1. Please list 3J(HN,Hα) in residue order for the stretch 262-278, calculated via the Karplus relation 6.51 cos²θ - 1.76 cosθ + 1.60 where θ = phi - 60°; whole Hz, with x for glycine and proline.
2. Using a Förster radius of 35 Å, what is the FRET efficiency between residue 295 and residue 207 based on their Cβ-Cβ separation? Nearest 0.05, please.
3. So, in nm, how far is label residue 154 from label residue 103 when the simple model puts each one 7 Å beyond its Cα toward the Cβ?
4. In nm, give the distance between the simple-model label positions of residue 378 and residue 191, each being 7 Å from the Cα along the Cα-to-Cβ direction.
5. What order, most packed first, do the peptides 76-82, 352-358 have when packing is the mean number of other Cβ atoms within 10 Å of each residue?
6. For the peptides 206-217, 299-310, what is the packing order when you average, over each peptide's residues, the other Cβ atoms within 10 Å and list the highest mean first?
7. Count the DSSP beta bridges whose two residues both fall in the stretch 248-378, then state the antiparallel fraction as a percent rounded to the nearest 5.
Amino acid sequence: MNHFILQTLRKFDKLPREQTREILAQAIDEIDRLETAFDSIYLGILVCDAAHKLLLTNRYAKRLFAIRDFEHGSDHVWQLVHNDLIAGFLQTALLSGDKVEGREFEVETQRETLRLLSINVLPLVKLYHVTGTVIVIEDITQRRAHEARLRRVENLASLTTLAAGVAHEIKNPLASISIHIQLVQKMLEKERKICPVPEGERPVPFEKLKQHLEIAYEEMDRLNKTVVDFLFAVRPMDLNLIKSDLNQLINDIAALMSVEMENHGIKCELFLEKKLPFIKFDERYLKEAILNLVKNALDAMSEGGTLGLRTLRTDTDAVIEISDTGVGISAKEQAKIFEPYWTTKPSGTGLGLTLVFKIVREHRGEISVRSKIGEGSVFSVSLPLPSSERRLLVLKTETDAV
């Protein structure tokens, strides 16, 4: 098309008016198609001249970087980007002339959610000469989340293969040791009642022996619970799926935890979707998962706060949200939070959220977290609605602005 236009321009003065109009109309249509394609790409694209001033950008890049109207070639690109970290990176990369691929940045959107962006800074080459720079931005938030989910599933699978036999080998001697500790405790109690203390001899320190044995028994019991959790994490679940009221389950959990919340100075707020249809779930397992999330939320609010329990529906899912106003979770911790044996608690086993993840996955659901340090966290559990209750999906052509 460019070659055709150039050829036409050389003979422009000799062309009839009607033919000139037709050629211009064709050129306008071609440019319009290119602009439409350019704006339809789900990548942010910024084109700069050799002086690093912005010449061209597509709609997606404008939304990502909140770029308003700009004058063609008048401002350096980093002056138009309303994120200091990314603006500084672009200025350094462009002035140094370095080619950069896959540099990742975490940014906060206008809706206060975190997005992960991957930025490439590439030379703009025409006829073997560098005439400027192309900056390509990709939102890789969903890809990273998908990779994290796959990694967690793989971790659970490898955990199952490795651990089932080992856990049984540990559990059996633990049970035996526990029984023998109890027998020794009974023998000591019996001897304490009948054992005389000869004059001039030190008495048998029954109280000290009792304390030591009680500590040993408590540690054995704690270790046994860890092994039980471990076995639960690796064994297949035999779910008893019954069509039930999810709102009633949340009400029951709120009532169950009400005294503990009151003792900790925590206010509970319920927001239940009135038109939420009944869905199939195993009440025992799902209740355990939600209780685990609620208890974690209470632990995050050691000085009081607000616990939010909410249900809602989307086109395809019933969603439970457990929110708190606690200490929050860093982005680095969020990436590992469902992995086995990863914990921030000094006495934690690192299996609690792994079990929650397993229960949700067994229900063919998804679990996610969004959080900010110092502001709290929201855990979302999505469970599929019955096919008869699903709404028709609406094709969305716009994405959230950053």
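1. So the J values, rounded to whole Hz, are 5, 5, 9, x, 10, 8, 9, 10, 9, 10, 10, 5, 5, 9, 6, x, 5.
2. Values: r = 35 Å, r/R0 = 1.00.
The calculated FRET efficiency here is 0.50.
3. Inter-label distance under the simple model: 2.8 nm.
4. Rounded to a tenth, the inter-label distance reads 6.2 nm.
5. Values: 76-82: 19.0, 352-358: 23.1.
Result, highest mean Cβ count within 10 Å first: 352-358, 76-82.
6. Values: 206-217: 12.7, 299-310: 16.9.
Order by mean packing, descending: 299-310, 206-217.
7. Values: 11 of 17 bridges.
Beta bridges within the stretch 248-378, antiparallel portion: roughly 65 percent.
Coordinate-derived values only; no laboratory data. Just so it is clear, the structure is predicted and the values come from calculations on it, not from any experiment. Note: ideal-geometry Cβ built from the backbone for every residue, glycine included; neighbour counts use all protein chains shown.
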